Structure formats: structure tokens, C-alpha cells
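In what follows, a single structure is set out as C-alpha cells and then discussed.
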Amino acid sequence: MSSDTLAQAPAAPDIPERADSLTIVPQRRLGQWTAAVAVLALLALAVTSVLRNEAFQWDVVADYFTSDAVLRGLWLTLWLTAVVMVLGFVLGTLLAAARLSANPVLRSVSWGYVWLFRSIPILVQLLLWFNIGALYPQILGVKTVDLLGPVTVAIIGLTLHEAAYAAEVVRGGILSVDRGQIEAAQALGLSRWRRWRRIVLPQAMRSIVPPAGNMLIGTLKGTSIVSVIAVQDLLYSVQLVYHRTYQVIPLLMVATVWYTVVTSVLSLGQYYVEKHYARGSERAR
């Protein structure tokens with residue numbers, strides 16, 4: 001090619017040498033902003049309606065929020081929730097171990113227990129236990145009415161119900177652990193107890209904690225059902241007050257706010273427990 005031809009060739013356009021010299025135009029998200037504004041507007045209207053509605057009687061809510069009757073009911077609700085969760089998971093762990101056992105009898109009994117108690121509604125179970133005296137007037141020579149009071153009936157009914165669900169939660173957590181890690185621990189000569197404590201349990205807890213936290217919150221709210229057998233929990237306590245004062249809505253709001261506060265605290269605790277057991281996993285990163 002001659003020098004004249006090269007001289008007549010069009011010059012190449014100027015190409016920026018640095019990427020930061022380009023103008024970046026942000027993507028327009030008109031739909032997202034419109035939806036956000038609409039949701040915030042509706043939320044503001046709802047909050048304003050609740051705060052300005054005189055039927056809620058927020059002054060009455062404030063008066064009874066920390067009253068002795070309400071706090072006693074709250075304490076019984078918290079105590080009952082803790083007892084039921086501990087006993088439920090202890091029994092549920094035994095059922096899960098039986099379900100994973102090589103013994104066919106234990107597997108069948110565990111499966112039957114879970115099937116039965118998950119099939120019967122909790123309200124029906126409580127009423128059956130509350131009226132157990134009609135079937136067994138005496139147990140070990142003691143009248144059933146004297147032996148099983150309302151609180152005892154609530155503990156038995158709720159614990160047996162929770163254990164059925166806890167068994168599946170624990171079983172699912174154990175099955176989520178890679179079998180190869182257990183075999184590797186066996187090859188290293190670790191004892192059965194050390195394998196469970198150092199290998200299986202820490203990894204299983206990643207799968208157990210989230211549903212267990214949901215069960216804890218569900219149990220807290222589910223304890224309100226014991227009011228049908230005259231256990232003076234939080235709901236029954238506010239019912240006793242509004243049956244006397246006829247201030248139904250504000251007393252129900254007292255119970256609602258307390259349930260919301262306690263549930264929020266439990267949810268925060270669940271978050272940190274999940275974060276602890278998720279250390280080093282992909283989910284934590």
C-alpha cells in the first residue's frame with residue numbers, strides 16, 4: 001500500500017482511554033418508587049386511623065398495661081411457654097432418636113406418636129385432658145380432679161402437642177448433616193458422644209434453630225388457648241377485667257401489645273442464635 005493511500009484513509013474515532021470518563025445514567029425505576037410511595041401512604045393512613053380512633057381508648061390501655069392482674073397473666077404465659085418448650089423438645093428429641101433408630105418397634109411407635117398428636121387439634125386435646133376424670137376417676141388411688149388441675153392439664157396437653165412437631169424438627173436437622181462427615185469422625189476414632197457433640201449437633205442446629213424459633217413464638221401465642229380451661233394466662237386475665245368493666249377493645253389491645261413486645265424480643269434472640277450457628281457457612285457469608 002502506497003503512502004498516498006495511507007494518507008487518504010479516514011482517521012479512527014477517538015476512543016476514551018479511561019472507563020471513568022464514560023457518563024453513567026442510572027436506571028429509572030418509576031414502578032418501584034410509585035409502589036413504595038403508595039405503600040407508605042396506606043401505612044400512614046392505617047397508623048393515623050388507629051391512633052386517632054377514640055374507640056381504642058389508649059388512655060385505658062395505658063392504665064391497665066402494667067396492672068397487677070395483667071402482669072400476673074403475662075408471667076404465667078411466659079412461664080408456661082418456657083416449660084412447654086423445654087419439655088416438648090426433650091420428648092421430641094427422644095422421639096426423633098427413636099425414629100432414626102434401627103429398631104423397627106421404636107421407629108413405629110415414634111411415627112405413630114407423631115401421626116396421632118399432629119392429627120388432633122390442640123383445643124380438642126386440652127378438652128380431653130381437662131375431662132380425663134370422666135374416663136379415669138382415680139389415678140394411683142388419687143382422684144383425678146385433685147391430681148390434674150387446669151395448669152397441669154395445660155402443661156400436659158401443650159407438651160404432648162409440641163413434642164410431635166419438635167420430633168420432626170430435630171429429625172430433619174440431624175438428617176441435614178452430611179453422612180460423610182460422620183463416617184470421617186468414626187474413622188478418626190471419635191466416640192459416639194463426641195461425634196454427636198462436636199460434629200452432628202453444631203451442624204444440625206443450623207437447620208433446627210429457625211423452625212424451633214417459629215415453634216417458640218407459636219407456643220407463646222398458642223398458650224392463649226388455655227383460657228378455655230380457666231388458666232389465668234395473659235388473655236384470660238384481660239378477659240376477667242373486661243367482663244367486669246365492659247372495656248373489651250382496650251383490654252384486648254393490652255394483650256395484643258404485650259404479645260407483640262414479647263414476640264419481637266424472641267425474634268431478636270432467634271436472629272442472634274441463628275447468626276451464631278451459621279458462622280463459617282455460606283448462609284452467614
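For the stretch 137-178, which residues satisfy the criterion of being over 19 Å from the mean Cα position of the chain (by Cα) and of a type in the set (Asp, Glu)?
Those that are over 19 Å from the mean Cα position of the chain (by Cα) and of a type in the set (Asp, Glu): ASP146, ASP178.
Return yes when GLN232 is at negative phi, surrounded by 16 or more Cβ atoms within 10 Å (Cβ to Cβ) and not in a helix (DSSP H, G or I) and no when it is not.
Judged against the criteria, GLN232 is a match.
Can you name the number of the only condition in (1) part of a loop (DSSP other than H, G, I, E, B); (2) open to solvent by less than 20 Å² (accessible area, probe 1.4 Å); (3) more than 24 Å from VAL83 (Cα to Cα) that PRO250 fails?
(1)
Would you call ARG107 under 24 Å from TRP258 (Cβ atoms), in contact with a helix residue (DSSP H, G or I) (Cβ under 9 Å, 6 or more places away or on another chain) and either outside any helix (DSSP H, G or I) or open to solvent by 70 Å² or more (accessible area, probe 1.4 Å) (or both)?
Taking the combined requirement at face value, the residue does not satisfy it.
Check off (1) at pLDDT below 90; (2) more than 15 Å from the chain's Cα centre (by Cα) for TYR236 and give me the number that stays unchecked.
With (1) at pLDDT below 90; (2) more than 15 Å from the chain's Cα centre (by Cα) applied to TYR236, the lone miss is (1).
State whether one or more residues within the stretch 234-256 are touching a Gly at 6+ places or on another chain (Cβ under 8 Å), in contact (Cβ under 8 Å) with a residue 24 or more places away in the chain and over 28 Å from THR77 (Cα atoms).
No, the stretch 234-256 contains no residue that is touching a Gly at 6+ places or on another chain (Cβ under 8 Å), in contact (Cβ under 8 Å) with a residue 24 or more places away in the chain and over 28 Å from THR77 (Cα atoms).
Which residue is modelled with the highest pLDDT, if the candidates are limited to the stretch 1-52 and must be of a type in the set (Lys, Arg) and under 44 Å from the mean Cα position of the chain (by Cα)?
ARG52
Determine whether TYR271 is at positive phi and open to solvent by 60 Å² or more (accessible area, probe 1.4 Å).
no
So which residues in the stretch 91-104 are open to solvent by less than 80 Å² (accessible area, probe 1.4 Å) and in contact with a helix residue (DSSP H, G or I) (Cβ under 9 Å, 6 or more places away or on another chain)?
Matches in the stretch 91-104: LEU91, GLY92, THR93, LEU95, ALA96, ALA97, ALA98, ARG99, LEU100, SER101.
So LEU87 passes all but one of these: (1) of a type outside the set (Gly, Ala, Ser); (2) free of Cβ contacts under 8 Å to residues at least 12 places away in the same chain; (3) surrounded by 13 or more Cβ atoms within 10 Å (Cβ to Cβ). Which condition number does it fail?
Of the numbered conditions (1) of a type outside the set (Gly, Ala, Ser); (2) free of Cβ contacts under 8 Å to residues at least 12 places away in the same chain; (3) surrounded by 13 or more Cβ atoms within 10 Å (Cβ to Cβ), the odd one out for LEU87 is (2).
Kindly establish whether ALA278 is open to solvent by 50 Å² or more (accessible area, probe 1.4 Å) and either touching a strand residue (DSSP E or B) at 6+ places or on another chain (Cβ under 7 Å) or in contact (Cβ under 8 Å) with a residue 12 or more places away in the chain (or both).
No, not satisfied.
The values are calculated or read from the model by the stated rules, or taken from the named source; none is laboratory data. Being a predicted model, the structure only gives us computed values, none of them experimental. Glycine gets a Cβ as well: all are built from the backbone with ideal geometry, and neighbour counts include every protein chain shown. With ligands, DNA and RNA removed, areas are computed over all heavy atoms of the protein, side chains included. Shrake-Rupley method; radii C 1.70, N 1.55, O 1.52, S 1.80 Å.
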